[in-house]
Amino acid sequence: MKQTDLWKSASKAQWDKGMTMIKIENLHASVDGKKILKGINLEIGAGEIHAIMGPNGSGKSTLSNIIAGRDGYEVTAGSITYKGKDLLDMEPEERAWEGVFLAFQYPVEIPGVNNTYMLKAGVNAKRKHQGEQELDAIDFMQLVKAKAKLVELDQSFLSRGVNEGFSGGEKKRNEIFQMAVLEPSLALLDETDSGLDIDALRIVANGVNHLRREDRSIIMVTHYQRLLDYIEPDFVHVLADGQILKSGDKSLALELESRGYDWVKEEEADRIKAA
Amino acid sequence: MSVLTPDHKMKLPGGPALQTLRQQAAGAYARTGLPGKRDEDWKYTDISRMTAALGESWWLTSETSTATDTNNLATIDAVDGYKMIFMDGRFEAQQSNLPSGVQLLPLSELLAKDDSKSAHCLFKLDESAPLFNGLLAANSALATDGLCACIGDGVQLDKPLYVVHVGNNTAHTLNGLMLGKGAKATLIEHFIGTDSDTAALSNIATYLRLAENSALTHYRLQLESDKQFHIGRVEVKQARDSRYTLHAVELGSALSRADIVVDLAETGASCALNGLFVASGRQHIDHHTRIDHNAPHCRSRENYRTVLDGRSHAVFNGKIVVAEGAIKTDSAQSNGNLLLSKNAEIDTKPELEIYNDDVKCAHGVTVGQLDKNQLFYLKSRGLSEEEARQLLTFAFADEILVAMDIKAVRSFIEKEAFAKLPNMSDLEGMLT
């Protein structure tokens with residue numbers, strides 16, 4: 001075996017079930033000088049699904065955006081380690097090549113840029129980065145058609161401009177379709193359920209469930225418990241005022257649904273008082 | 001110098017009546033001279049750049065005409081059309097196959113017939129016409145050749161007229177195309193240069209007359225060499241229910257100015273002007289468009305985009321005048337500008353003059369860089385910064401090109417346009 005092959009198989013084995021996919025330590029971040037995240041600690045193992053819930057303005061989307069590498073967020077303290085590497089040191093496209101995927105809360109429309117072309121460029125950039133052979137047009141079309149079925153995306157969407165003229169539900173389905181094609185190790189689903197009717201939600205959730213794998217971790221950021229009826233998380237975290245105040249299993253989500261978020265905040269306040 | 005003195009060797013064709021018209025035009029030039037910064041319509045375009053390169057007698061054709069290999073021109077071979085070639089402003093008969101059932105002659109042949117008065121209207125100047133200037137007067141005084149075509153009533157031309165103007169010497173060219181009632185045609189005007197290092201001027205005027213219910217699609221593709229100066233005028237007069245579509249592409253020349261003047265003269269006429277400039281280096285490109293809504297129920301659409309790199313400079317002026325009686329006017333204008341370099345410059349000005357209340361007129365201008373959210377989206381999918389920028393630039397410009405209905409022209413222009421910009425290769429399958 002050549003040394004590179006050895007390295008490759010070793011690196012593959014490294015992220016099997018139970019190994020740490022991403023570790024966020026004491027993360028502080030601001031936007032325009034305003035503190036949004038105030039010390040986030042979170043560790044996600046390979047194959048796990050974590051739901052991050054919280055009220056509006058708690059910092060949920062900020063966290064997803066920082067992991068994906070969007071401009072405009074200043075990390076003032078802390079670190080994010082992804083597959084053993086410093087994630088914050090990478091450009092957004094490098095993160096994509098390393099297997100990070102963000103399903104956007106508000107997917108942008110890019111008129112004139114072909115959906116399939118964009119994905120082919122993305123897939124091949126990633127393959128090149130990982131030392132694999134690039135896919136040719138025919139192989140790629142086969143891959144894309146199979147994945148489109150997964151989220152019941154009409155094939156006519158493949159040749160359209162990215163999200164151009166898509167309805168809200170179609171945009172979200174397109175995000176999960178892209179996730180299926182790009183096969184990430186870590187997928188961030190940012191409010192993927194918002195704006196979906198019940199049928200669209202079922203289709204999107206089905207797609208995500210098909211994509212669950214032992215070497216793939218998923219972070220779902222959401223307001224509502226109803227998404228978790230369809231995609232069952234291993235862990236639920238409550239994010240409020242820039243901190244994770246409580247973590248638990250999926251029963252925590254049900255409690256949040258019936259009691260709201262305030263009791264979590266009160267508990268935290270009491271805890272601080274007691275200390 | 002304000003007196004146009006034609007070269008003695010340059011024999012100006014036309015009988016006595018036409019020579020009188022030429023003299024009148026030369027007189028108009030003597031009065032107006034070249035446009036300068038004092039003219040509001042030339043505020044951002046400095047024509048002295050042309051005179052500096054061509055000299056005091058800028059209108060003269062150089063005596064030492066360089067031989068051009070006519071088999072090796074950068075024409076669009078994939079276009080299936082009636083092809084005509086004008087070499088340095090002279091019609092090259094052997095190169096062109098002319099359609100039957102359509103009256104079509106080079107201007108030079110028309111003028112050679114002493115009794116023919118049909119070309120005279122092309123030379124008759126209206127000094128009160130919108131955007132009239134000395135360069136147009138010089139064109140009338142000195143034009144020797146061009147395309148004269150008349151598409152008869154009800155004739156639907158099966159293939160486009162593909163007119164190639166090869167300019168590597170100064171030429172004044174005058175074209176006229178008339179469409180009869182219910183006629184339909186496509187005209188491709190393709191301006192190309194050769195590798196010649198000498199500076200020259202292409203001074204081109206094109207008059208288009210659309211009779212009732214006729215339709216003309218007009219491609220105006222300017223890809224001259226970077227030593228060339230290009231001055232163009234397109235004047236369109238539209239009768240009842242006629243339809244005019246322009247696809248104007250500006251890629252070449254050192255300095256290019258075109259005045260597009262459309263008169264929606266009768267009820268129900270409509271026009272669509274699509275423009276794309278892609279400029280780099282020190283190129284200067286200027287379009288002044290003027291649409292007159294002179295009758296009720298007319299429709300105009302205008303969509304111009306510019307992509308500017310290096311130290312290039314573009315000017316867009318879109319003037320729309322809605323006359324008092326032109327009720328139910330429907331007009332929309334849009335101009336988007338993408339600046340890829342901090343040294344590039346755009347001067348853009350929509351001008352609306354509306355003299356009645358019963359109209360719908362929309363206009364919008366954007367000037368800017370690439371959209372940050374779109375860039376991030378593409379990068380988050382694994383495209384490099386450079387790839388993402390290329391793709392967005394391409395998509396921005398291609399919104400104009402998608403309106404082109406001749407695929408061969410569109411793909412030719414796509415290739416030429418993006419070869420000008422850094423790292424724009426491998427475009428296959430990039431677009432919707």
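The values are calculated or read from the model by the stated rules, or taken from the named source; none is laboratory data. Quantities reported herein were computed from a predicted structural model and do not represent experimental measurements. We place every Cβ from the backbone using ideal geometry, glycine too, and count neighbours over all the protein chains shown.
Remarks
- Among (1) at the interface with chain B (Cβ under 10 Å from one of its Cβ atoms); (2) under 25 Å from A:GLY45 (Cα atoms) - the single one A:TYR117 does not satisfy: (2)
- Checked against the criterion of being in contact with a helix residue (DSSP H, G or I) (Cβ under 7 Å, 6 or more places away or on another chain), modelled with pLDDT of 90 or more and not in a strand (DSSP E or B), the stretch B:106-123 contains one or more residues that satisfy it.
- Filter result for B:GLU414 (more than 8 Å from chain A (Cβ to nearest Cβ), surrounded by fewer than 21 Cβ atoms within 10 Å (Cβ to Cβ) and modelled with pLDDT of 95 or more): no
- B:LEU338 in a strand (DSSP E or B), within 14 Å of another protein chain (Cβ to nearest Cβ) and crowded, with 21+ Cβ neighbours inside 10 Å: yes
- All positions within the stretch B:208-228 that are touching a Lys or Arg at 6+ places or on another chain (Cβ under 8 Å) and either part of a strand (DSSP E or B) or among the aromatic types (Phe, Trp, Tyr) (or both): B:LEU208, B:ARG209, B:LEU210, B:ALA215, B:LEU216
- Unmet criterion (only one of (1) farther than 26 Å from B:LEU60 by Cα; (2) polar (S, T, N, Q); (3) part of a helix (DSSP H, G or I)) for B:SER140: (1)
- A:LYS60 vs. criteria crowded, with 16+ Cβ neighbours inside 10 Å, closer than 25 Å to A:GLY47 by Cα, more than 7 Å from chain B (Cβ to nearest Cβ) and at pLDDT below 95: yes
- Within the stretch A:6-44, the set of residues being under 12 Å from A:LYS83 (Cα atoms) and modelled with pLDDT under 95 comprises A:SER11, A:LYS12, A:ALA13, A:GLN14, A:TRP15, A:ASP16, A:MET19, A:THR20.
- Test for A:GLU152: is it surrounded by fewer than 21 Cβ atoms within 10 Å (Cβ to Cβ) and not small (Gly, Ala, Ser): yes
- Residue satisfying all of: in the stretch A:199-222; surrounded by fewer than 16 Cβ atoms within 10 Å (Cβ to Cβ) and part of a loop (DSSP other than H, G, I, E, B); farthest from the chain's Cα centre (by Cα) among these: A:GLU214
- In the stretch A:147-174, the qualifying residues are those that are touching a residue at least 40 places away in the same chain (Cβ under 8 Å) and charged (D, E, K, R), and the one that is farthest from the other protein chains (Cβ to nearest Cβ) is A:GLU152.
- Filtered by the rule that a residue be more than 7 Å from chain A (Cβ to nearest Cβ) and surrounded by 20 or more Cβ atoms within 10 Å (Cβ to Cβ), the stretch B:361-384 gives a lone residue, B:LEU375.
- Residues of the stretch A:60-104 satisfying the condition of being out of contact with any helix residue (DSSP H, G or I) (no Cβ under 9 Å at 6 or more places or on another chain) and among the basic types (Lys, Arg): A:LYS60, A:LYS85
- Hits in the stretch B:244-273 (condition: over 30 Å from B:SER48 (Cβ atoms) and over 11 Å from the mean Cα position of the chain (by Cα)): B:TYR244, B:THR245, B:ASP263, B:LEU264, B:ALA265, B:GLU266, B:THR267, B:GLY268, B:ALA269, B:SER270, B:CYS271, B:ALA272
- Residues located in the stretch B:339-349, provided they are in contact (Cβ under 8 Å) with a residue 40 or more places away in the chain and under 21 Å from the mean Cα position of the chain (by Cα): B:ILE346, B:ASP347
Residues are listed down the side, and each one gets a yes or a no for (1) in a loop (DSSP other than H, G, I, E, B); (2) buried (at least 20 other Cβ atoms within 10 Å of the Cβ); (3) under 18 Å from the mean Cα position of the chain (by Cα):
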position: A:ILE66; (1), (2), (3): no, yes, yes
position: A:GLY78; (1), (2), (3): no, no, no
position: A:LEU135; (1), (2), (3): yes, no, no
position: A:MET141; (1), (2), (3): no, no, no
